[in-house]
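What follows is a short report on a single structure.
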Amino acid sequence: MYLNNPAPLPVNSNPGMVFPPRRFSSREDAARFAARFIVGVVAHKCIVDRMALPVERATSREKGQPLCMAQYYRLLSAHRQPGRSNDQLIVREQRQHQDEHIVVMCANQMYALPVKSSDRGPVSEADLYAQLLHILGEVPSLPQAPPVGLLTSERRDVWARVKDSLSADAQNRLNLDILQGALLVLCLDTPLPTNFNCRALRSETHGHVVGDRDETNMAHQMLHGGGSTANGANRWYDKTVQIVVSSDGVCGLCYEHSPSEGVAVIQLVEDVLKKCESNLPPVQPTNHSTLTSPHRMQWVLDQNAFHSMEEAARNLDSSVEDLDFYVYRFMGYGKEFIKKCQVSPDVYIQLALQLAYYRLNRRLVATYESASTRRYLLGRVDCIRSATCEALEWVTTMCQDASGATSGAESDDDLLQTGKKVSFSLFDQQKKLDLFDMAVKKQTDVMIQNILGQGIDIHLLGLREMAKELEEPIPELFQDEVYRIANHFALSTSQVPTSLDSFMGYGPVVPDGYGASYNPKKDSIVFCLSAFNSCESTSTWKFAQSLETSLYMMQELLSKRPNNPA
Ligand code: COA
């Protein structure tokens, strides 16, 4: 799914995550947080090297089944290598006693920073703090670094060709090896301009605000750095984990998707973040550090390399320009209310997404929802297909008025202005409830089949890839128009729960589609909605409005159920 796709990684593949923002008033604050975070990551890596991570277990639907932990073991040792026909995932061997380093990027400069030595163990927080302060102090006095990181934002086949010519030089090869072997990349960023796709300036906003920056603006920084003139080149998109620490306290990450699902990444960083919160006294740099200054990586670049970087800047900037992204917090209710209605929160939100889409477009589209298959060894995800016939019947009925005519999106503004009050037509409430129950049952069945390994998509994908590997003719099924339509996921969705007030989002997977991640909280739901500005038929703003109306319509509908405990 990932390694054969030549599309550029930012926006098209790498998700972005925003951490609960912090307040930094000096570069010491940023260095202190980053040093503590890295200490937490290195401690986690020591557990990984001992193969000692506790095995997770399923919390529902055949509760207690052990879950495959392979993704967790890959996170800090993987690197995606571009290829001319397909990419490769390089995973380092895990060994307990080995040197470890990270790469720190700051204003496009790159530094290799040791974080653990095979004989003396992890570098102390005080030493890391001193090293990071050294970098932050040195960078402003250096000549502007070439934006080499931009090359990793190119189409994969293009980057593969440029990488081959860079590798002709021994120093460049060494730099590429350092990047490949790093635990992670730490990006010390400047804040994005406040007018950069900031919804806060235009509308009522919920959630965190730092200065004038709202969560949508923060999410853009994590997804693509804000383009070539901001932090877009202060990245190495091939690296699995890139931690972003911005000088204003906005922090998060960008991760390369091929080794792991978001759930494992979130688990790792939230564990580390919780430890960062603990009341340890702030570190002071030691005067007697035995460490030498971090090694600044320099590149040997010819005219062609500079030309490629200019091209990469243009391509990244147009992709950033095209991304319509919106972090939308629905504050009406959350999973507690849904559970009281005796519906699975995941199923309910999927149906809300179907209704929201239908209200805007009068049709449903192939919908992808990722379902974890980690109950199986090396399992990743299968696809819950939420656009079912049952869902279509229910949403159609929900959008009919008493005369049987369809009503819909054009009334959203009125609905929102009248205090979110949604009035129902005289159309048979019981029929709507019955159809809702049937849609819930179908969606729940499909979800359970998928997480228990009875999905269809991964099975079919396996058969198709086997035919290719065996150089047999590709079976007709895979060339059928129906197969093409069924895999044009105009709604690409995923539940991405977090335990802290952080969230993760990603771009759409087709030019005329939406990406929609959701994070159900007790009394709210955080959605990250994405689309492309170049597509006239999509708009995350309209989708969010339709979603809000849909969620209130569903609440109203369920309140009509006799003896409804909610
Ligand atoms: N009545 C009342 N409560 C119910 C219920 C019902 N009918 N059905 C479920 N619930 C409860 C569950 O017991 C659970 O309770 P808990 O919060 O106390 O544990 C809660 O509601 C949530 O369950 P549900 O909404 O059904 O979903 P889930 O948490 O089991 O998740 C998937 C379903 C498909 C999202 C999950 O199995 C999965 O595969 N997640 C991975 C997604 C992924 O890979 N994302 C990252 C992609 S990068």
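The values are calculated or read from the model by the stated rules, or taken from the named source; none is laboratory data. Here the structure is a predicted model, which is why all the values come from computation and not from measurement. Please note: Cβ atoms are built from the backbone with ideal geometry, for glycine as well, and neighbour counts cover all protein chains shown.
Pairs meeting the criteria (first residue in region 251-274 and at pLDDT 95 or above, second residue more than 11 Å from the ligand (Cβ to nearest atom) and of a type in the set (Asp, Glu), beta carbons under 8 Å, at least 6 apart or on different chains) are GLU256/ASP238; SER258/ASP87.
Looking at GLN144, is it part of a loop (DSSP other than H, G, I, E, B) and exposed (fewer than 13 other Cβ atoms within 10 Å of the Cβ)? The answer is yes for GLN144.
In the condition set (1) in contact with a helix residue (DSSP H, G or I) (Cβ under 6 Å, 6 or more places away or on another chain); (2) assigned by TED's automatic domain parsing to the domain that holds ARG155, ALA356 is compliant with all but (2).
Here's the yes/no breakdown for (1) charged (D, E, K, R); (2) closer than 22 Å to ARG375 by Cα; (3) within 16 Å of the ligand (Cβ to nearest atom); (4) modelled with pLDDT under 95:
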position: PHE37; (1), (2), (3), (4): no, no, no, no
position: CYS46; (1), (2), (3), (4): no, no, no, yes
position: SER60; (1), (2), (3), (4): no, yes, yes, yes
position: MET69; (1), (2), (3), (4): no, yes, yes, no
position: GLN98; (1), (2), (3), (4): no, no, no, yes
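In this structure, ARG296 does not satisfy being modelled with pLDDT of 95 or more, away from the ligand (no atom under 16 Å from the Cβ) and under 26 Å from the mean Cα position of the chain (by Cα).
Among the residues making up region 545-559, those that are more than 25 Å from the chain's Cα centre (by Cα) and polar (S, T, N, Q) are THR549, GLN555, SER559. Scanning region 141-199 for residues that are without any contact (Cβ under 8 Å) to a residue 24 or more places away in the chain and of a type in the set (Val, Ile, Thr) returns a single hit, THR194.
Each row is one residue, and each column tells you yes or no for (1) more than 16 Å from the ligand (Cβ to nearest atom); (2) of a type in the set (Ser, Thr, Tyr); (3) part of a helix (DSSP H, G or I); (4) touching a residue at least 12 places away in the same chain (Cβ under 8 Å).
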{"residue": "LYS431", "(1), (2), (3), (4)": "yes, no, yes, yes"}
{"residue": "LEU435", "(1), (2), (3), (4)": "yes, no, yes, yes"}
{"residue": "GLN449", "(1), (2), (3), (4)": "no, no, yes, no"}
{"residue": "GLY453", "(1), (2), (3), (4)": "no, no, no, yes"}
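Quick one: which of SER118, SER77, SER85, SER13 is of a type in the set (Gly, Ala, Ser) and more than 30 Å from SER165 (Cα to Cα)? Talk me through it step by step, then tell me what you get.
On the way: SER77 fails: more than 30 Å from SER165 (Cα to Cα); SER85 fails: more than 30 Å from SER165 (Cα to Cα); SER13 fails: more than 30 Å from SER165 (Cα to Cα).
On inspection, the qualifying residue turns out to be SER118.
Contact annotation: residue pairs with Cβ atoms under 6 Å, 6 or more positions apart or on different chains, pairing a residue in region 476-488 that is closer than 17 Å to ARG385 by Cβ with a partner that is not in a helix (DSSP H, G or I), are ALA486/ALA366; HIS488/ALA366; HIS488/VAL510. Quick check on ASP248: is it outside the structural domain of PHE532 (by TED's automatic domain parsing) and not in a loop (DSSP other than H, G, I, E, B)? Here the answer is no, as ASP248 does not meet what is asked.
A residue that is farther than 23 Å from TRP394 by Cα, in contact with a Gly (Cβ under 6 Å, 6 or more places away or on another chain) and not assigned by TED's automatic domain parsing to the domain that holds LEU547 occurs nowhere in region 298-313. Listed by first and then second residue, the pairs with beta-carbon distance under 6 Å, at least 6 apart or on different chains, first residue in region 224-240 and not assigned by TED's automatic domain parsing to the domain that holds ASN315, second among the small types (Gly, Ala, Ser) and at pLDDT 95 or above, form an empty list.
Taking region 78-135 as the range and being under 30 Å from the mean Cα position of the chain (by Cα) and free of Cβ contacts under 8 Å to residues at least 24 places away in the same chain as the test, the residues that pass are GLU93, ASP99. In summary, VAL123 fulfils each of the numbered conditions (1) surrounded by fewer than 21 Cβ atoms within 10 Å (Cβ to Cβ); (2) of a type outside the set (Phe, Trp, Tyr); (3) assigned by TED's automatic domain parsing to the domain that holds THR240 with the single exception of condition (1).
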